[in-house]
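Structure, as structure tokens:
Derivation of every value follows stated rules applied to the coordinates shown; laboratory data play no part. What you see is a predicted model; the values in this text were computed from it and never measured. A quick note on method: Cβ atoms are made from the backbone with ideal geometry, for glycine too, and the neighbour counts reach across all protein chains shown.
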Ligand code: RFL
Ligand code: PHB
């Protein structure tokens, strides 16, 4: 079998790239390790930048998003019992859209199926060969049989634990990493959101986030120890802890109920450079991870896809390789800015085990500066709604 582009990974990066290429008549096959149901059972990001929304529109998959997504023109920042508002619309002219990653992925799979584009699920032992040659190919096992696909390019969209990044030789790859001494315990519940905007809260007991998926579905997170397991936390213990970390007047209004999903995600900042090796291009979590504070993970994956898609389009339509040649440099410039914002915002709101009284005062002053200074609020808002690409 031969295609123009093999896309490894059927998460949002791979599917979005596949759909955009399909619209341009560029043939791509998606190889996914799990089943579709498994991919659609993962609860992850919830906030889309308008840049990502534009790309979903271009891919022809934004209809439900516009119908069911929620436009958020600002966010709330809480500390102790105080809360203030950052007005994205007034400061930048741009809102964000609250629409779950799970729904984005579902819409992309539906469009992919409707277009008759090929996705191969439950592939094993995917290996990329000859990425630094003119004739790359990918092998994989499916139902115990080995298959081979020859191609022009390989898009490594297989997340942090995928094989694509590992294919780049260690002598070429540079990795930058910071791990955080805590995780986020998240729950999904069929309850009304406590506020019409997201609340990012700092408290002496640690960080909390009140988010949502729709009017009847809420998503809440609390900072937890890395050694915690979701099973250690009863729903009741979760709600009690959340209430202690948000302003009292918000806690009083909090609607609680049984959790329908509960999971813990560790926090990590990670970047690999370069994001291209020969004919292999890395996109999304395969190349970088941000802590979720600021909701940049999925959105940064989308900006990678933008650069790669345009590079491939120019290659096939105009015979112009400048976009592909500049892919790594362009993508990384934006990636590092998203890394900086997510790292800064995480540091602003979490409690760290080794924080000195001086460090705590610096955090307090940083939050007060954000509350009181319009330039700082504008810089925050520009980052949150998404830097241009
Ligand atoms: P994904 O979503 O990880 O998709 C990669 C896909 O590749 C498949 N795969 C393979 N397929 C074939 N062969 C292999 N060898 C393969 N290895 C892996 C996987 O099964 C998967 O389907 O990466 P992608 O597409 O780059 O998308 C990135 C986003 O998913 C990610 O940035 C965000 O979800 C990050 N993230 C969050 N971001 C936010 O902005 N807000 C959040 O609240 C948020 N919560 C999260 C998150 C990421 C999490 N992870 C990765 C554990 C919560 C969690 C738990
Ligand atoms: C979410 O709703 O899952 C969410 C929202 C904002 C974040 C992280 C996660 O910064």
Sequence ranges 180-189, 139-148, 72-81, ranked by mean other-Cβ count within 10 angstrom, highest first: 180-189, 72-81, 139-148
Antiparallel DSSP beta bridges within the chain, percent to nearest 5: 75
Estimated 222 nm signal from helices in the chain, with DSSP H stretches of n ≥ 4 weighted -39500 (n - 2.57), rounded to 500: -11500 deg cm²/dmol
Spacing of the two label points (7 Å from each Cα toward its C-beta) at residue 310 and residue 371, in nm: 4.0
Fully extended contour minus Cα-Cα distance, from residue 317 to residue 333, at 0.36 nm per residue: 3.2 nm
Relative packing of 317-323, 296-302, 131-137, which averages over residues the other C-beta atoms within 10 Å, highest first: 296-302, 131-137, 317-323
Between helix 12-23 and the chain: long-axis angle, C-alpha atoms, 0 to 90°, nearest 10: 50
Gain on full stretching of the segment that runs from residue 179 to residue 243 - 0.36 nm per residue minus C-alpha separation: 20.3 nm
Degrees separating the helix 357-372 axis from the principal Cα axis of the chain, which is the longest one: 80
Label zone at residue 146, where the point sits 7 Å out along the Cα-to-Cβ direction: the range 20-44 residues whose backbone N lies under 20 Å: 31-33
Mean Cβ count within 10 Å, highest first, over the residues of peptides 263-274, 202-213, 8-19: 8-19, 202-213, 263-274
Acute angle (nearest 10 degrees) that the helix 297-318 long axis makes with the longest principal axis of the chain, alpha-carbon atoms: 30
Additional length obtainable on full extension of the chain from residue 227 to residue 4, 0.36 nm per residue less Cα span: 75.8 nm
The chain - Kirkwood radius from inverse mean 1/r over Cα pairs (Å): 21.7
Whole-Å distance, taken between Cα centres, linking the range 76-90 and the range 275-320: 32
